[in-house]
Each structure stands twice: as structure tokens, then as C-alpha cells.
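Each remark here refers to the structure printed beneath this line.
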Amino acid sequence: MSDDVLTPLSAVVTSDPKRWLLVDDHRMFADALVMALTARAAELHIDVAHSAAAALTMLEHNPAYPLVMIDLGLPDMDGISLVELVKQSGVPYVLVCSADTRDQAVSAVLQAGADGFISKTQGPEDVLAAVQRVMAGEQYVDEQFRPVAPGVQPPAHKSLSNRQLAILRLLKHGYNNAEISRMLDISPNTVKTHLRMMYDRIGAKNRLDCLAIAERLGLL
């Protein structure tokens with residue numbers, strides 16, 4: 001992006017200091033990104049969480065983060081589920097920063113409610129430009145990573161709702177119904193209802209069968 005199109009983010013930060021949260025378990029990448037971004041926007045402060053659980057705890061103690069940047073490959077929860085939880089918590093802007101640039105991954109990110117997607121191969125200037133655009137109300141995905149039909153899910157996703165996909169991803173990580181109920185802030189009975197609907201829609205007999213079929217369909 002050219003400078004004549006975008007106002008430098010450093011100017012935005014100077015007039016409105018920012019405190020962002022970066023969620024990434026790759027410590028060297030996270031440290032390098034924080035250093036690169038703060039070197040370009042001196043008043044920017046970025047907190048780092050190395051797991052989904054740590055990020056959710058930090059959001060409880062500091063609910064005023066205007067922006068959360070999330071990696072998809074986290075040790076305790078997949079990034080898509082975390083995007084949904086963070087958006088539900090009221091964070092205004094969520095930007096996914098991931099090495100997974102497949103159409104399916106980018107589509108899932110946008111469907112989950114993320115305001116933008118950027119690849120880990122892009123530079124800090126690209127990250128700042130992406131943040132500025134999402135904060136201006138745009139949905140940002142660099143052209144080289146944009147799905148052929150933005151916002152349209154692959155056929156395998158059409159049979160399940162966003163809530164069911166979120167439950168499915170939590171199942172993959174071994175969470176039981178009670179834990180899923182607490183994490184998604186829905187009742188245990190609602191979790192059971194969604195599970196039954198998922199089984200019917202994809203032809204699964206039980207939880208393990210559901211996960212196996214979901215893997216084959218590309219839902220996980």
C-alpha cells in the first residue's frame with residue numbers, strides 16, 4: 001500500500017495511544033513482531049499471550065483492548081474458536097495473523113467474525129496497514145490470500161452453523177459438554193442439542209465418529 005493512500009499508523013497512535021493483545025505460542029515470532037511494530041509506532045504497547053487460556057484471562061482483566069491479533073495454531077484451542085470467543089467478549093477488532101493461508105482457512109477466519117487476515121510472511125508495515133484498515137471499518141485480506149469467493153464457505157461447511165462448527169472445534173481439543181457450555185456461554189442442554197443436530201447432518205453415530213467424518217469433510 002502506498003503512503004499517499006494510508007495515513008501513517010504512527011500518527012494514529014500518537015493521537016490515540018493503543019494497547020493491543022497478540023496471541024501466539026511461537027515466542028520468537030511474537031517477540032520479533034512486537035519489537036518491529038513498536039519500533040514503527042513508538043506509543044503502541046502490545047501485550048502477549050502464548051495460549052488461548054492466557055489470552056482469555058488477560059481479556060477478563062483488561063476488557064478495553066481495541067485490537068486482538070490471533071494465530072491459528074495455538075496449543076490449547078484452535079484459533080478459529082478463539083476468534084469467536086474474543087468477538088463475543090466485545091473486542092472491537094480481531095486480526096488473524098497465521099502461516100496457514102489456504103482458502104479454507106481464510107474463509108473460516110472471516111466466517112468466525114475476524115475483521116481481517118494477514119500472513120506471517122508479510123512484514124510489519126503490512127500488519128500496521130491491515131490494522132489501520134480494519135479499524136477504519138474495512139474487512140482486510142491481502143489480495144494474494146483472498147478466497148475466490150470471499151465470505152462463502154466450502155460446500156462441506158454449509159451443513160453446520162457457526163455455533164456447531166465452534167463446538168466441533170472444541171470437541172477436537174477434548175473438551176467435554178460442561179466445559180464447552182462454559183466456554184461458549186450456552187447451556188449444557190444446548191450443547192447436546194447441537195451435537196445431535198451435527199450427528200444428523202453429517203451422518204455421525206457418536207462423538208468419535210463425528211470427529212472422524214469432520215476431518216474427512218475438511219471441517220477441522
Inset, instruction - Please list, or write none, the aspartates and glutamates whose alpha carbon is within less than 19 Å of the alpha carbon of K192, excluding same-chain residues fewer than 8 places away. - result: E179, D200, D209
Inset, instruction - Could you please rank K205, K18, placing first whichever residue has the fewest other Cβ atoms within 10 Å of its Cβ? - result: K205, K18
Inset, instruction - Starting from the Cα of N206, step 7 Å along the direction of its Cβ; do the same at R182; then give the gap between the two resulting points in nm. - result: 2.6 nm
Legend entry - Charge dipole of the chain about the Cα centre (unit charges at C-beta), most positive-ward option of M28, V134, T190: T190
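At a 10 Å Cβ-Cβ cut-off, how would you order V127, V109, fewest neighbours first? Show your work: numbers first, answer last.
Numbers: V127 22, V109 26.
Ordered from fewest to most neighbouring Cβ atoms within 10 Å, V127, V109 come out as V127, V109.
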Legend entry - For Cα extents along the principal axes in Å, calculated from these coordinates, the label among [x] 48, 38, 33; [y] 49, 46, 32; [z] 56, 39, 29: [z]
Legend entry - Set K18/K172; K120/K172; K87/K120 screened for pairs whose C-alpha atoms are more than 28 Å apart: K18/K172
Inset, instruction - Quick one: among G90, G137, G73, which has the greatest mean-square fluctuation in a GNM of the chain with alpha-carbon springs under 10 angstrom? - result: G137
Inset, instruction - On a C-alpha basis, how far is the centre of the range 28-62 from the centre of the range 80-115 in Å? Whole number, if you could? - result: 17 Å
Legend entry - Coil-residue trypsin sites (Lys or Arg not before Pro) of the range 48-125, DSSP, other Cβ within 10 Å capped at 11: none
Inset, instruction - Return the single residue from L67, L33, L82 with maximal mean-square fluctuation; model: Gaussian network over the chain, springs between Cα atoms under 10 Å. - result: L33
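All of the numbers you see were taken from the coordinates with simple rules; none came from a lab. Everything numeric here is computed off the predicted structure, so don't read it as measured data. Here Cβ is always computed from backbone atoms with ideal geometry, including for glycine, and neighbour counts include all displayed protein chains.
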